[in-house]
Amino acid sequence: MDRSKVHRTENVSGSQADDLCSASFTRMRNAPGLAAEYRDGDGVPIGDERVRKNEARRREKPNYAEERLGREVFDTLSQAISLPADSRLSAFAVCNVAPTGKGSNYIVQVYCIDPQMDYRPEEIKAILQESKGALRAEIAAHINRKKVPDLKFDVLPPSVQP
């Protein structure tokens with residue numbers, strides 16, 4: 001605090017000091033937009049704001065390694081399901097392989113090629129779960145990774161075609 005300002009207010013009489021305080025208070029009260037509302041980032045230290053911006057940028061950036069592995073899994077599963085050891089899967093094809101965002105887990109969407117075929121998605125999902133080990137072995141043979149990704153299957157209903 002500046003000593004000259006303190007000295008000046010000490011020399012002012014009591015009524016003059018009250019007038020100065022009330023005048024400054026009315027000026028602040030009538031000032032447009034001073035603390036009328038809080039905005040995003042008010043009161044946040046600069047370092048915290050920088051961290052928050054970097055986290056947002058990291059979330060927006062696509063994970064190219066996951067996408068590349070997803071394409072490799074898609075190619076391998078497309079070939080493996082088209083030539084299945086189980087004849088019950090011969091009418092099905094892979095339409096999408098997407099990462100779940102939790103480690104190396106992928107959701108594999110499967111659909112029926114034959115539109116007139118009547119099937120229940122739960123049964124096909126159970127068949128895919130039974131052959132999951134063989135499908136992961138195919139993936140392990142075609143990709144070069146230490147750990148083979150885990151697969152979760154989703155069978156599209158007969159009314160939905162990709």
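Computed from the coordinates by the stated procedures, all read-outs in this text should not be read as laboratory data. All values reported here derive from a predicted model rather than from experimental measurement. Cβ sites come from the backbone with ideal geometry, for glycine too, and all protein chains shown count toward neighbours.
Amide H contacts under 5 Å for V110: C95, D154, V155, L156, restricted to partners 5 or more places along the chain or on a different chain, H placed in the peptide plane at 1.01 Å from N. Computed 3J(HN,Hα) for segment 111-124, one whole-Hz value per residue from the Karplus formula 6.51 cos²θ - 1.76 cosθ + 1.60 where θ = phi - 60°, is 9, 8, 6, 8, x, 8, 6, 9, 8, 10, x, 5, 5, 5, glycine and proline marked x.
Subtracting the Cα-Cα distance of S159 and D48 from their residue separation scaled by 0.36 nm leaves 35.0 nm. Computed extension length for K147-A98: 15.9 nm, one decimal, from 0.36 nm per residue of separation with the Cα-Cα distance subtracted. Put a dot 7 Å past the Cα of I107, heading toward its Cβ, do the same for Y119, and the two dots end up 1.9 nm apart.
Averaged over every viewing direction, what's the projected area of the C-alpha convex hull for segment 64-155? Give it in nm², one decimal, please. Over all viewing directions, segment 64-155 projects a mean Cα-hull area of 5.7 nm². Mind giving me the FRET efficiency for Y64 and S90? R0 is 30 Å, r the Cβ-Cβ distance, nearest 0.05 is fine. It comes out at approximately 0.35.
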